[in-house]
C-alpha cells in the first residue's frame, strides 16, 4: 500500500460534474488500496470572482484581508469534493491549510512555508479517510493569521505535504499530458518527456515552462519527493520529476524508466515572452558603478535574470550595461534608474519589451561541448539573431527579437533531434495557482 | 467610550454597495469614540448557493463537510467588510469563529456554544482595530472541527461575544425597525416596542415572533446583555431588550425609557403558522399510557409545544390526547406513533396542519387576572373558536383554525389597546441566520 498525494487544479474542479469526476478518480485509488491525500485549488474562476468583489469595495485591499477572502475559495472546493467522495460510499474529511499544519511566514499573498505538521492528516488517514486539503493557504507562525502562498501555491502545498507525510509520490493533475520537449503550440512535433531530473525541471521552470513553478520543484528536490505531472482527463502516465527510478508499483507497460530521454543530450526547449530588456547607455567604466546600479534595482525587489556588460570603448571610457527582468517590473525599474542617473553619471536608459528568451535544457550537455555551437548554427540558419547569452551547467539561454522566438524554438527543437514523427497536438498551458 | 457589538445579517451585506454602507455606519461609531466588534452573516443568498452546490454532488452531504462549506460564506463577507472599512481609512481585522474563540460542541449544523475566549478580539480592539467576526460558526472543543450554530446563529454569536467582552450593548441590525406589538402585515396599527424585558422577549420568540431566535434571547438574559434590535436602513432607535434602564449614553431625545410600554399590561401579540396538531384518539385512561406516548415522541427528538388531554369518558374508559408540534416534524411523529398503536392500545392518530397559534405576551398580566377573560371575549366577538389553550405567568396562547388566525390577532391587538393611531406599514420579517 502506497501513500499518494494528488493535487487537482482549478480547472479540474471547475463545477459539480468535474468534482464528481475527480472524486471517482480518487475512489479508484482507494479501491486499489492506496492511502490518498488530495490537495485542491479553488473552483474554476472563483478566485478571480473574489478578487473582483474585493476591488468593488477597495482599490488596494489590505493584504491580510485579501488572503482571508481568497482562502474561502479552497474551503468551498475541498468541502464539496469531500461530499462527492462520501456520496460514492467512501470516507473523506476536508482540512484547511491551517488544520493541515501548513505553517508559513506572514508575507500575505506570497507566504513561504516554514514547517508542515500534518498530525491531523495522518490521523485522518489512519482512520481510513481520504484527507482533502486546501491548497494555496497556510497559517502564520505565532500570529496565526491566514496566509496564501502566491502563484503555484497549491502545487507547493502538495509537494510540502508529500514531503512531511513521506508519501510515495506527489501527483500534480493538470490539463496537459505532462512536461513536453517544447510548447506543442509552437512545435507540433514536441514530445512528452517520460522522466526528467529535478535540476533539469528547475531550469525548465526558470526558463519559462509554466507546467510547474520553480519553488514547487525546489521543494521537491530538497526533500526528494517524486513528482508525477499528469493529465486529469486521461489515465496515461505523464512526466515523472525525480532523480531516482520511477517506483515499480507506479510503472505501466507503456511507460518505461525514460531511459531514452535520460540519455538524450537535451531534454527540452523552453521559451519565455514575459521578460523585458533594459540597457543603461554610457555608464562610466570605473569600479563600483555597476554594483550601485544593481543594488538600486535589488532594493526595489526586482529580480534580474540575464546581464551583459559591453566591452568598454577605450576612446570614451563609457560602457553599456543590459539586463533582463520581468516585464511587469519594467516601469518601476526604469523609474528607479532614472532617479540615480545624475548620481551615477550614465547617459540614458533604454527599455525594450519586444524580446523573447529561448532556453535549451539538458543534463547531457555537460559532457558535450558542441551543444552551444549547434544552437548558434541552428539559429543562424533560421535567420535568428542572438542578442544576449547566458549559460549554466545544464542550460543555455539566448535572447532574440520577440517575433523570431517561435522559429528559434522550432529550429532548436529540430537541431537537437527532439521532433517526434507523430506530432501530438496538445496544448501546453499554465497551472493556475 | 463604550464597547458596541453590532450584528449585520445577510440582507445588510448582500452586495458591495450594501457592504460599503455598513462600513460607513461602523466608521461613524468609531468616530464617535466607541470600540466596535462586528458580527456578520454571509452575503445575501450565498448560503443558499452553497447548499445548492452541495446538493449537486450529494443528496445528503456529510454534516461536517456541509459546515466546512457553509462557513466560507461569512469568511467572504467579513473579509470584504474589513476591506471596505480600511478603504475609509480605519483599521479593521476579520476573524473566523474559531479565531474569535467561539468554542462549541460537535453537533454539526446546530452546534451549541460551550465557551467564548475572545483573546484575539480583545487584542485587536486594544490595537485600535474594528474586529469583524464571522457569525454562525465556531470550532468544536478538543476535536477542533469547524461547526455552524444553526438558525439564528449569527445573532447568538453576537450576544455571546458581547457577553464575553462585557460589551455595553449588542446591536442586532435587521431589515425592520424593531420588535412590534404584532406583525404589521396583519395588524396595520401595530407599534414598535421601545423596550421589552428578556422574559417577554423569550415568550415572543417562543410564540412565533421571528425577529430574534429563542436561544439568542436566552443567552442575552443569562449574561444580562442589553440587546438593541434596530434597522440597518435607518438611524432611529429600535427595540431594547433588557431588564435594566436603557444606558443613558445610547438614549436619544425621541426615545424614552419605554415606560409607556413597560407599564402596559400587554406587550404584544405574536402568532405562529408553523405548527400542527396531532390527536391520539381512544387512549386507555390508565396510568402510564400518556407517559409512554410522550416518551416515544421525545425519543425522536421532536419538541412538543401545547398538550391537552380530554376528560375521560366514563362509559368507555378511553380518552383523547392532543398536542402541537412543528409542522416539519409531523410526518415523523405520526409514523412513530403508528408504530406503538397496538402496544399502547389506542384507536387511531389524527393529524391537522390547518391550525394557527396566537399568543398574548405581557409581564403586566401577572397582576391582572382579567387578561385571559378579555382575550376569550375578544375572540368570541370576532367569531374565532378556541381549540387549545396554554398559559404561563406572562403569556396566554390559544390554537385556532389557521384561516381565522389573522382576524384573531387583530381582535386581540385591539382589545388590549395596542393599536396606534398612525399605523406604520412596516414589514415584520424573519432574521435569516
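Where a number appears in this text, it was derived from the coordinates with a stated rule and is not lab data. In this text the structure is predicted, and so the values were computed from the model without any measurement. Glycine gets a Cβ as well: all are built from the backbone with ideal geometry, and neighbour counts include every protein chain shown.
For segment A:150-205 and segment A:365-414, what is the separation of their Cα centres, given in Å? When both Cα centres are located, 24 Å separates them.
In terms of packing, defined here as the mean over residues of other Cβ atoms within 10 angstrom, the peptides B:150-158, B:272-280, A:178-186 line up highest first as B:150-158, A:178-186, B:272-280. Classified by the C-alpha gyration tensor, segment A:306-365 has an oblate form. Its axis ratio a/c, with a ≥ b ≥ c, is 1.5 or above, and a/b does not exceed b/c. Computed from Cα positions, the angle between helix A:405-415 and the longest principal axis of chain A comes to roughly 80 degrees.
Return the equivalent ellipsoid semi-axes of segment B:3-261 as a descending list in whole Å, where each equals the square root of 5 times an eigenvalue of the C-alpha gyration tensor. Before the final figure, lay out the partial values.
Values: eigenvalues 152, 94, 66 Å².
Each semi-axis is the square root of five times an eigenvalue, giving 28, 22, 18 Å.
Residue by residue through B:134-145, how many Cβ atoms from other chains fall within 10 Å of the Cβ on average? Before the final figure, lay out the partial values.
On the way: counts 1, 0, 0, 0, 0, 1, 0, 0, 0, 1, 3, 4.
Per residue, the average neighbour count from other chains is 1.
Shown for residue A:287: label points 7 Å from Cα along the beta-carbon vector, and their distances to the equivalent points in the other copies, 11.0 nm in ascending order. Kindly identify segment A:181-224 as rounded, prolate or oblate by the Cα gyration tensor criterion: order the square roots of the eigenvalues as a ≥ b ≥ c, call it rounded if a/c is under 1.5, otherwise compare a/b with b/c, prolate if a/b is larger, else oblate. Prolate shape, in that a/c is at least 1.5 and a/b is the bigger ratio. Shape analysis of segment B:38-158 yields a ratio of the Cα radius of gyration to the Kirkwood radius, Rg/Rh, of 0.99. At 7 angstrom along the Cα-to-beta-carbon line, where would the label on residue B:114 sit relative to the other copies? Give the distances in nm, shortest first. Reported distances to equivalent positions: 2.8 nm. Normalising the average separation of contacting C-alpha pairs (under 8 angstrom, six or more residues apart) by the number of residues puts the relative contact order of chain A at 16 percent.
Based on other C-beta atoms within 10 Å, arrange A:43, A:204, A:78 from fewest to most.
Working: A:43 24, A:204 27, A:78 31.
The most exposed by this proxy come first: A:43, A:204, A:78.
Relative to the longest principal axis of the Cα atoms of chain A, helix A:63-87 runs at roughly 40 degrees. Once a ≥ b ≥ c are taken as the square roots of the eigenvalues of the Cα gyration tensor of the protein assembly as shown, is the result rounded (a/c under 1.5), prolate (a/b larger than b/c) or oblate (a/b not larger than b/c)? Because a/c hits 1.5 or more and a/b exceeds b/c, the protein assembly as shown counts as prolate.
Taking every DSSP beta bridge that has both residues in the protein assembly as shown, what percent is antiparallel when rounded to the nearest 5? Can you show the working numbers first?
Numbers: 88 of 144 bridges.
Bridges in the protein assembly as shown are about 60 percent antiparallel.
Each principal axis of the Cα cloud of segment A:265-417 was taken in turn, and the coordinate range along them, longest first, works out to 51, 34, 27 Å.
Over segment A:265-417, what is the mean sequence separation of C-alpha contacts under 8 Å (at least six apart), divided by residue count, expressed as relative contact order in percent?
Numbers: 280 pairs, mean separation 48.9, N = 153.
It comes to 32 percent, rounded to a whole number.
Within 10 Å of the Cβ of each residue in A:50-60, the mean number of Cβ atoms contributed by other protein chains is 6.
Counting only DSSP H runs of at least 4 residues, each contributing -39500 (n - 2.57), and dividing by the residue count of chain A, the helix-based mean residue ellipticity at 222 nm comes to -10000 deg cm²/dmol. Cα centroid separation, segment B:346-361 to segment B:35-112: 37 Å.
Once the Cβ-Cβ distance between residue A:60 and residue A:339 is put in as r, and R0 is 30 Å, what FRET efficiency do you end up with, to the nearest 0.05?
Details: r = 23 Å, r/R0 = 0.77.
Working from the Cβ atoms, E equals 0.85.
Semi-axes of the equivalent ellipsoid of segment B:139-199: what are they in whole Å, largest first, if each equals the square root of 5 times a C-alpha gyration tensor eigenvalue? Display every interim value, and only then the final one.
Details: eigenvalues 200, 48, 15 Å².
Gyration-tensor ellipsoid for segment B:139-199: 32, 15, 9 Å.
Other protein chain C-beta atoms within 10 Å of residue C-beta, averaged over A:83-92: 4.
Computed from Cα atoms, the angle from the helix B:289-299 axis to the main principal axis of chain B rounds to 30 degrees. Among residues of chain A, the one whose beta-carbon sits closest to the A-to-B rotation axis is listed with its distance in Å as A:72, 2. Between copies, residue B:243 shows label-point distances of 7.3 nm, shortest first, with the point placed 7 angstrom from Cα along Cα to C-beta.
Contact order, relative form, for segment B:46-196: 19 percent (alpha carbon pairs under 8 Å, 6 or more residues apart, mean separation divided by residue count).
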